[in-house]
Amino acid sequence: MKKIIFVLATLALSLTACADHQLIQYSELPVQAQAFVQKYFNTADITYIEREYDGLHFEYNVYLKNAIEIEFNHQGNFKSIDCRVSPIPEGIVPEVITHYVALHFPDSIIVEYAIEARRLKVELGNGVEIIFDLEGNFLGIDD
């Protein structure tokens, strides 16, 4: 009897784990996420889209052919972008932050940008991570 319960529990856990990540179609993205992708990227460049369950909500990751990854929350609001080695398209990162980077790191580009709970974070092409408050005021450099 214990073996049967163990097998059933293992099966249930493995099925739940498989359901945590699903590939979805572009049309299944929340409308706000679709609008973001259409505004800044060519939808033909999408490699795949993944819906991930974080225990409370679904989150969405859009992967593009040029290795760019964009993350959206359950409502389709932008959370982060990782462009690896290419600059983030103009208009995604707040102007106050792009101005700060241009002024203090003129030879570098922003390759990652994330909106976190209480701060904004950018990573430059040279690996430097800069932290800002939600209004775009410089807080420090993350080591």
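Out of Q75, Q22, which single residue is at negative phi and touching a Pro at 6+ places or on another chain (Cβ under 7 Å)? Before the answer, list the steps.
Values: Q22 fails: touching a Pro at 6+ places or on another chain (Cβ under 7 Å).
Being at negative phi and touching a Pro at 6+ places or on another chain (Cβ under 7 Å) holds for just one of Q75, Q22, which is Q75.
Do you know which residues across region 119-141 are in contact with a Leu (Cβ under 9 Å, 6 or more places away or on another chain), of a type in the set (D, E, K, R) and surrounded by 14 or more Cβ atoms within 10 Å (Cβ to Cβ)?
R119
Laboratory data are not the source of any read-out in this text; all were calculated from the coordinates shown. The structure displayed is predicted, hence computed values, not measured ones. Note: ideal-geometry Cβ built from the backbone for every residue, glycine included; neighbour counts use all protein chains shown.
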